[in-house]
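S.K.: If you scroll down you'll find the structure; I have some questions about it.
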Number of protein chains: 2
Amino acid sequence: MSNPGRPRSREQAHNQAQGESRGQARGQARKEHILAVALKIFAENGYRGASIAEIAEGCGLSQPGLLHHFPTKADLLTAVLEYRDRLDAEKFHVDDPAPGTAALRRYVEIVEHNAHLPGLVKLFAIVTSEAAVNPAHPAREWAVGRYEKLIGGLAANLRLGVEDGSIRADVDTTAVARLVFSMMDGLQSQWLLNPDQVDMPGLFRAFVDEVTREITTS
Amino acid sequence: MSNPGRPRSREQAHNQAQGESRGQARGQARKEHILAVALKIFAENGYRGASIAEIAEGCGLSQPGLLHHFPTKADLLTAVLEYRDRLDAEKFHVDDPAPGTAALRRYVEIVEHNAHLPGLVKLFAIVTSEAAVNPAHPAREWAVGRYEKLIGGLAANLRLGVEDGSIRADVDTTAVARLVFSMMDGLQSQWLLNPDQVDMPGLFRAFVDEVTREITTS
């Protein structure tokens, strides 16, 4: 009996590799489609309010079909959050060093960008709040880790500014970083509730300008 | 046939009035007990995640017994939010005028007070986020109205400061008020996620001190 998985010639091997690669690409595209649908449903309903049934229906899949890709609702939420974090990190190079107030400017750009992506802002707002009020929430670790990473990263960049003399040496860089991300989060809530009257990027920029004046040496 | 509700002497009238008053007090106490239990359950699960069955059980009531007082889960959430807003307004006299930066000081006190009330902070955080991401949420109107009132009230007090010359005339008082409540909300999330490392009142006080320096004329 021949092994159907084993190619019999170089040409067949080539064709099979192409087939696998097409299969992987299709699998990846299907996963990304699921993540996009799940993002939208989590964003409007939170983790608790979203149902696997609704997400499966939105993807045109059966529930077992969806659960084949993501075994639990918690796995799906985690995958959505990690996917979005990865896209943002790639887009805004947030892991590259940006000494001193250049790091603050980067977050002004991110908020300007987010003002066109209410679905994404909703996702982070609702999941962060759910995780904040419930220590057993599946995104608790993600939320705690995300702030640690954001605050640690900005504080480190601000300390580079202290070292190069552009930022005052007496500035508590961690405290400044906490205030910056608090402001970003708080403005998001007001903007989502009242998008026509709340100029989220303008208010954030004004705040960052003021922080910049306060912490720089010049 | 005598009317059992009609007292036959002054003494009886007195006793009945006392009985009614006792009955009203008992009814009021029962309602407040329900609101306290509901607050705790809404605070940890949000509106979507909380169930009438769980709240009834926490109150030692049957579901029909609970629904006699509050016909729907939405009614109960609204009552909890209004009850808390009323208690806060009474405690902190937030409706009294506090010209200029005195109004900012008042919110520093409120944040210091809230740092002892994580349940209440959780309630406002989760319900505000749920309402922000979902226009059909039963607390949407409450959330929009709450910001309007808070921001309008603080901006009005800051304008009194402009009039008495203590605050610079070029200050955008509404923008400052928006930033103040954004900071308050954003710090709450970080504090709930990491209460041991985030000094919510200290960070808020530092922010308000900085805003005060920025907007005052002296």
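S.K.: Among the listed residues A:GLY165, A:GLY161, which satisfies the condition of being more than 13 Å from every other protein chain (Cβ to nearest Cβ) and outside any helix (DSSP H, G or I)?
M.R.: Of A:GLY165, A:GLY161, the one residue that is more than 13 Å from every other protein chain (Cβ to nearest Cβ) and outside any helix (DSSP H, G or I) is A:GLY165.
S.K.: Restricting attention to region A:136-151, which residues are among the hydrophobic types (A, V, I, L, M, F, W, C) and either over 15 Å from A:LYS73 (Cβ atoms) or facing chain B (nearest Cβ under 10 Å) (or both)?
M.R.: Scanning region A:136-151 gives A:ALA136, A:ALA143, A:VAL144, A:LEU150, A:ILE151.
S.K.: A further question follows. What are the pairs with Cβ atoms under 6 angstrom where one residue, in region A:98-109, is assigned by TED's automatic domain parsing to the domain that holds A:ARG205 and the other, located anywhere, is among the small types (Gly, Ala, Ser) and in a helix (DSSP H, G or I)? Sequence gap at least six, or different chains.
M.R.: From region A:98-109, the pairs are A:PRO99/A:GLY161; A:GLY100/A:GLY161.
S.K.: Separate question: Those residues that are touching a Lys or Arg at 6+ places or on another chain (Cβ under 7 Å), assigned to a helix (DSSP H, G or I) and farther than 20 Å from A:HIS137 by Cα, I need them from region A:52-105; list them, please.
M.R.: Scanning region A:52-105 gives A:HIS69, A:PHE92.
S.K.: Hey, among B:ASP196, B:ASP164, B:ASP170, which residue is touching a residue at least 40 places away in the same chain (Cβ under 8 Å), over 21 Å from the mean Cα position of the chain (by Cα) and over 22 Å from A:ILE215 (Cβ atoms)? Full working, then the answer.
M.R.: Values: B:ASP196 fails: touching a residue at least 40 places away in the same chain (Cβ under 8 Å); B:ASP170 fails: touching a residue at least 40 places away in the same chain (Cβ under 8 Å).
Exactly one of B:ASP196, B:ASP164, B:ASP170 is touching a residue at least 40 places away in the same chain (Cβ under 8 Å), over 21 Å from the mean Cα position of the chain (by Cα) and over 22 Å from A:ILE215 (Cβ atoms), namely B:ASP164.
S.K.: Hey, another quick one. Tally the residues that are of a type in the set (D, E, K, R) and farther than 20 Å from A:ALA98 by Cα, restricting the search to region A:171-218. Before the answer, list the steps.
M.R.: First, pick out the residues of region A:171-218 that are of a type in the set (D, E, K, R): A:172, A:178, A:185, A:196, A:199, A:205, A:209-210, A:213-214.
If we keep only those that are farther than 20 Å from A:ALA98 by Cα too, we end up with A:185, A:196, A:199.
The number of residues fulfilling the criteria is 3.
S.K.: Would you point out which residue out of A:PHE204, A:PHE181 is out of contact with any Cys (no Cβ under 6 Å at 6 or more places or on another chain), in a helix (DSSP H, G or I), among the aromatic types (Phe, Trp, Tyr) and crowded, with 23+ Cβ neighbours inside 10 Å? First the steps, then the outcome.
M.R.: Numbers: A:PHE181 fails: crowded, with 23+ Cβ neighbours inside 10 Å.
After applying the criteria, what remains is A:PHE204.
S.K.: Something else now. Residue check: is A:SER218 within 9 Å of chain B (Cβ to nearest Cβ) and among the small types (Gly, Ala, Ser)?
M.R.: Judged against the criteria, A:SER218 is not a match.
The values are calculated or read from the model by the stated rules, or taken from the named source; none is laboratory data. What you see is a predicted model, and the numbers here were worked out from it, not measured in a lab. Note: ideal-geometry Cβ built from the backbone for every residue, glycine included; neighbour counts use all protein chains shown.
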